[in-house]
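A short reminder: the numbers here are calculations on the coordinates, not readings from a lab. A quick note: this is a predicted structure, and the numbers were derived from the prediction, not measured. Cβ sites come from the backbone with ideal geometry, for glycine too, and all protein chains shown count toward neighbours.
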Amino acid sequence: MVEIEDFFKMDDIYSIEPEKIEPLRLEIIKKAAMHHFEHCTPYKKICRKNNFNPVKDLKSYQDIKKIPWITSKSFKKSYNLFKNLISVSEDKIVEWLHSSGTSGDPSYVGRDQKTLDRFRVAGTRSTGLILDRDRFQMGIVFGPSPEMVKGLTFALGMDIWTKMCDNSIYLMKERREKGKIPIDIQLTIKSIKEAEAKKEVCFFGGAPALAYFTLAKFHEQTGETFQLNEQSVGGGFGGGWKTFTGQQISKDQFRKTLNKILGIPIKNLRDTYALTESDIVFQECEEFVFHVPPWGDIIIRDPETMAPVKKGEKGLINVINPIAYSWPGISVLLDDTATFNNNGKCKCGRYGKTFSDVGRAVGADARGCGAMITDLAEND
Amino acid sequence: MIDINIKIDLPSLICGKYTRRKDEKLKIKRRNKKIEIGFPSLSSKEVKLAAILLKKSLKQSHDRTIRETVDILNQVYNLWINPNYEIRKEAEEILSIVTGQSKRLIKFELNEVIKLFEKENLLKFLGSQIDNIDYLDQWIKKGDIFLHAQPKGSILHNLAGNAFVLGPISLLYGIITKNVNLAKIASTEPYFVVRFIQSIYDVDKKFARELAVIYWKGGHKDIYKFLFDEELIDGVIAWGGYKSISNLKKLSAHYGVKFIEHGPKFSFSIITSDFLGNTKLLEKASKEIAKDIVIWNQYACTSPRIIFVQEKKSLNFENPDYKLRQEMIGSMKHIEKNQLIRFSNKQTEYDSQLMMLMSESVENLRKVITHGSAIGFAKLLSIELEKVSKYLPRTYMTEAEAMNTLNKRDYYILNVESKGWGKIFIPSNSQLVQNTDWTIFYLRKMPELIDIDYCINRFIIITPFTFLEEIEEWIKQMQIQKYIQTFSIFGKMKMVKKLADKLSFLGACIFTLPGEMNVHKYRAPHDGSYDLKELVRWVSINFLEEDLNDFTY
């Protein structure tokens, strides 16, 4: 019987063709689905609602699309459900990891030690295997230290990335204030200059908007540029592409600017897709598409029919996450969309499923003459 | 699937002239269809000029007879009723993408609006609201006076977003009362009213001088101020959001300008117990309610949000003391099985009546799905929604709309159904995991405010009740008296009148049969008043010819 931990130990995992790895992955998915079905009452209810029983309905890999999902919004604080969305007893929960809640409504997910351990190993492995490197001499993070934002999923992510570095510097020393870049600019430049002088291989992480504005502003004022070791990597960003004014920075613009200022090759400036409601971390390869690591899967679904989309089509992201043990994360439907690229060999040479163009689900905010309580409440 | 990209440049229409710019852009994407509508955003100076020009046309509007105006509008009707009319064909395509409704549904809704512009209907409408349309043209003897209706002057129509028919309807009110009209379009639906009024421009260039359809940014507070300050506006019809309406209302009150409010409203349906048990009639009612739900996808103020189903007739108490009954209703809501046993030991009359109610309530809660129960009605409605979705389908959902429906379903399954407070009904489709066409939630308790908001986009809640007073109490508790509008009531006429009296006393103003919530009846007032009467100044000569003769004799 294959265990999820066995996947983490495999070295050549991205060189195995999907059809060879799928039967093994089905085993761990089925095992996880059965665990949540048996130990999480609300999830069992959803399964029953969908006439789904993992024991008899997960026969072939094609059946994974039938696994009922929980929408990511169900983990929002406002829904007041998250405490019930666990598959272990509450005393086993080590940390209620939560999102930053920039919308004012953070998500909470209860993780036990087993899930946290898996999350850390899987996060390190997926990044390392895609970046072809799991050790860096220096980590420069455009964000707060994990201690400063304890409990945030961001902190756990940063903790994982910086554990891959011999030495890490966190550049955000104070909380965000409107209209102000909360980055220690002197420390930023000092750290970059030091890394440049020592020719150290650096890992840049944190919020891309912070990195972009700090460096672009510095460059605009001084005209100065750096030439870092070209094996340095920018990654582990995991969101934060919007500016303080809500303006979106294009990834292309970001790469060009950082390449110009830091000297890091464009192909080494790669995004990471990670979120509170998933234990699977998705890393961009040098072709700038996100790879699904072999221990999980994603299904991109047509918003109209909820059926999986075809290659090249866009839809809502459904993460299949057998890493989750303490919470029913086996199938989570996100508020995000992506384009399904491929399930075979990527141009980068790695096998597996890939996706791109990640963004928020959008649509017309259709309002008629019918009243909405939320609008009335805001104005009463 | 072929990608369809449509780009439209909408002009501003100012007194027969076009202004073409793309200052603003509305972008919408539904699956393979993408639309970008560019339109001008006018400066303060341009708005002022438009308002001055309009005012200058008031004499022209006044001097035209109402029958001439009706004839011009009838020509517009003839254009739009033709399915091959180019602008109509374009509108069907665009509105389907903008609103998320299928073309078939758009055609149906378009026809409903266009019908209002037909000569016969216009005369009927005017007649029912103004009594005698000649009042608009001349002095008409009424008893011992002569009566005449003069236009108010220049009417500002502050239009709402996605209910696309509101623009032409609002302007129609202004036109047939001989006013000149300035419409401010909404950035979320700038399209239809512009195209519709363009047809009027095509039909009669001179008439076009009395109309302006423009957009300016809501943030330009100075525009509203000078429109009132410089007496360029004599009346306002405001549609849409609470905030914009309340700001305009304050301004109108300050300047003493007539303000007609069509703010945000909620509507509901009630199935009384009069016909419960009559499966055929209930099937018909569910079919009609399904129609009310799908038309406008519940975005209209007239769309039903909650369906209240009476499960049992009111008990005939010897002592129907209201307070006592309210206490009983209150107690019923919190009944627990062990409480029932404890109560059974008490022998007072009050307790025995309370006991009766409680056991009936428990019986209702345990009721299996039959057509005589709210949950049975939910089942019937699910069958009808499935059917109606076939012949009046929606168009492709946007990603956000689909996600919103799925989020709501999870909320009810995990937060309500799992606690035993209800049951969800969704389309069954063996091949797909879920289909987001429609959702019914049978809620075993009275809804909360959030439930009303969730009931949009073919998402409906059905809730049982026993006493009519429960609905009254609920409306009061929710503090929504100001916002209730239409109720479809299914029951015998005696019950309908009784309910309508109670609900209209609270604030509701229209009562219809199921299936007719979105039907506009000419003789019916809108939001409690007759708009046409409000858009004219009633003036009188307080003597007749014989009085003059007597006087001069």
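Axis angle, to the nearest 10 degrees, between helix A:153-163 and the longest C-alpha principal axis of chain A: 60 degrees. Remark: for residue pairs A:K347/B:K27; B:K34/B:K107; B:K22/B:K107; A:K73/B:K265, the C-alpha separation exceeds 26 Å in A:K347/B:K27; B:K22/B:K107; A:K73/B:K265.
For region B:82-145, the convex hull drawn through the C-alpha positions has a volume of 114 cubic angstrom per residue.
Sequentially through region B:258-263, phi angles give Karplus couplings (6.51, -1.76, 1.60; θ = phi - 60°) of 4, 10, 10, 9, 10, x Hz, Gly and Pro residues having no value and appearing as x. Cβ-Cβ distance of A:R135 and A:D159, R₀ of 25 Å, FRET efficiency by 1/(1 + (r/R0)^6): the value works out to about 0.95.
When each of the peptides A:341-347, B:165-171, A:5-11 is scored by the mean number of other C-beta atoms lying within 10 Å of its residues, the order from highest to lowest reads B:165-171, A:341-347, A:5-11. One equal scatterer on each Cα of region B:153-310, no solvent, Debye formula: the resulting log10 I(q)/I(0) at q = 0.15, 0.18 Å⁻¹ is -0.83, -1.05.
How do B:D410, B:D274 rank when sorted from fewest to most other Cβ atoms within 10 Å of their own Cβ?
Working: B:D410 22, B:D274 18.
In increasing order of surrounding Cβ atoms, one gets B:D274, B:D410.
Go ahead and estimate [θ] at 222 nm for chain B from helices alone: -39,500 (n - 2.57) per DSSP H run with n ≥ 4, summed, over the residue count, rounded to 500. The helix contribution divided over chain B gives -14000 deg cm²/dmol. Compute the angle between helix B:103-115 and the longest alpha-carbon principal axis of chain B, please, reported from 0 to 90 degrees and rounded to the nearest 10. Here the helix axis deviates by roughly 60 degrees.
Label reach from A:K92 (point 7 Å along Cα→C-beta): in region A:28-57, amide nitrogens under 20 Å belong to A:28-47, A:54-55. Sparsely packed loop sites in region B:132-199 (the chymotrypsin sites (Phe, Trp or Tyr not before Pro) outside DSSP H, G, I, E and B with at most 16 other Cβ atoms within 10 Å) comprise B:W139.
Length gained on full extension, B:I72 to B:N32: 10.5 nm, using 0.36 nm per residue less the C-alpha separation.
Please find the FRET efficiency linking A:D252 to A:N51, where r is the Cβ-Cβ separation and R0 is fixed at 35 Å, and quote it to the nearest 0.05. Spell out each step's value before the answer.
Working: r = 45 Å, r/R0 = 1.30.
The calculated FRET efficiency here is 0.15.
Debye-formula intensities of chain B, expressed as log10 I(q)/I(0) at q = 0.05 Å⁻¹, are -0.25 (one equal scatterer per alpha-carbon, no solvent).
According to the Kirkwood expression over distinct Cα-Cα pairs, how big is the hydrodynamic radius of region B:113-157, in Å? The partial results should precede the final answer.
Numbers: mean 1/r = 0.0826 Å⁻¹.
Every distinct Cα pair counted, the radius reaches 12.1 Å.
Go through region B:387-462 and name the trypsin sites (Lys or Arg not before Pro) that are in a DSSP coil and have 15 or fewer other Cβ atoms within 10 Å of their Cβ. If you can, show how the numbers build up before the last one.
Values: sites: B:K387, B:K390, B:R394, B:K408, B:R409, B:K419, B:K423, B:R444, B:K445, B:R458; in loops: B:R444, B:K445, B:R458.
In loop regions of region B:387-462 (DSSP not H, G, I, E or B), the sparsely surrounded trypsin sites (Lys or Arg not before Pro) are B:K445.
Measuring r between the beta carbons of B:N415 and A:R360 and using R0 = 22 Å, the FRET efficiency lands at 0.40.
So if each residue of separation counts as 0.36 nm, and I subtract the Cα-Cα distance between B:K476 and B:E283, what length gain in nm does that give?
Full-extension gain reported as 66.4 nm.
Its convex hull of Cα atoms gives region B:1-87 a direction-averaged projected area, equal to a quarter of the hull surface, of 8.2 nm². Is the shape of region A:278-365 best called rounded, prolate or oblate, per the rule: a/c under 1.5 gives rounded, else a/b larger than b/c gives prolate, else oblate, with a ≥ b ≥ c the square roots of the Cα gyration tensor eigenvalues? Taking the square roots of the gyration eigenvalues as a ≥ b ≥ c, region A:278-365 is oblate. Cross-link partners for B:K152 among the lysines, with Cα-Cα distance under 20 Å and sequence neighbours closer than 8 places in the same chain left out: B:K48, B:K55, B:K56, B:K59, B:K178, B:K184, B:K225, B:K249, B:K250, B:K258, B:K533.
For region B:387-457, the fraction of C-alpha pairs more than 19 angstrom apart is 37%.
Close lysine pairs were tallied over region A:83-212: pairs 8 or more places apart or on different chains with Cα atoms under 23 Å apart number 21.
The base-10 log of I(q)/I(0) for region B:452-553, evaluated at q = 0.14, 0.23 Å⁻¹, reads -0.69, -1.42 [Debye formula, identical scatterers on Cα atoms, solvent excluded].
Would you work out if region B:1-153 is rounded, prolate or oblate? Take a ≥ b ≥ c from the square roots of the eigenvalues of the alpha-carbon gyration tensor; rounded if a/c is under 1.5, else prolate when a/b is larger than b/c, oblate otherwise. Since a/c reaches 1.5 but b/c is at least a/b, the shape of region B:1-153 is classed as oblate. Rounded to the nearest 10 degrees, the angle from helix B:119-130 to the longest Cα principal axis of chain B is 80 degrees. By the Cβ distance rule of under 4.7 Å, chain B has these cysteines without a partner: B:C15, B:C455, B:C509.
How big is the Cα convex hull of region B:55-105 in projection, averaged over all directions, in nm²? One quarter of the hull surface, i.e. the mean projection, equals 5.3 nm². With the helix formula -39500 (n - 2.57) applied to DSSP H stretches of n ≥ 4, chain A reaches a computed 222 nm mean residue ellipticity of -9500 deg cm²/dmol. Here the residues B:V70, A:V121, A:V141, ranked from fewest to most Cβ neighbours within 10 Å of their Cβ, fall in the order A:V121, B:V70, A:V141. Coupling constants for region B:523-540 follow from the phi torsions by the Karplus curve (6.51 cos²θ - 1.76 cosθ + 1.60, θ = phi - 60°), and in residue order they are 7, 7, x, 10, 6, x, 8, 9, 4, 4, 5, 7, 8, 10, 9, 7, 10, 9 Hz; glycine and proline get x.
Take the alpha carbon gyration tensor of region B:145-235, find the square roots of its eigenvalues, order them as a ≥ b ≥ c, and report rounded if a/c is under 1.5; if not, report prolate when a/b exceeds b/c, else oblate. Show your work: numbers first, answer last.
On the way: a/c = 1.84, a/b = 1.18, b/c = 1.57.
The shape class here is oblate.
The mean number of Cβ atoms from other chains found within 10 Å of a Cβ in peptide A:304-310 is 6, as a whole number.
Find the relative contact order for chain B and round it to a whole percent, using C-alpha pairs within less than 8 Å whose residues are 6+ positions apart. Walk me through the intermediate numbers first.
Working: 955 pairs, mean separation 98.1, N = 553.
In percent, rounded to a whole number, it is 18.
The listed peptides A:217-230, B:221-234, B:198-211, ordered by packing as a protection proxy, come out as B:198-211, B:221-234, A:217-230 (highest mean of other Cβ atoms within 10 Å first).
More than 22 Å apart: what percent of Cα pairs in region B:91-184 qualify? Walk me through the numbers on the way to the answer.
Numbers: 1891 of 4371 pairs.
Within region B:91-184, distances greater than 22 Å cover 43 percent of Cα pairs.
Full extension from A:K190 to A:D117: what is 0.36 nm times the residue separation minus their Cα-Cα distance, to one decimal in nm?
Working: separation 73, 0.36 × 73 = 26.28 nm, distance 3.43 nm.
Length gained between A:K190 and A:D117: 22.9 nm.
In peptide A:68-75, what is the residue-averaged number of other protein chain Cβ atoms found within 10 Å of each Cβ?
On the way: counts 3, 4, 4, 10, 3, 7, 7, 0.
Partner Cβ neighbours, averaged per residue: 5.
Of the Cα atoms belonging to the protein assembly as shown, the radius of gyration and Dmax stand at 32.3, 118 Å. Every Cα-Cα pair in chain A was counted, and those over 38 Å apart are 19% of them. The label point for B:I541 and the one for A:K345, both projected 7 Å from the Cα toward the Cβ, are 9.7 nm apart. The protection proxy used here, the mean number of other Cβ atoms lying within 10 Å of each residue, ranks peptides B:287-299, B:508-520, A:51-63, B:466-478 as follows, highest first: B:287-299, B:508-520, B:466-478, A:51-63.
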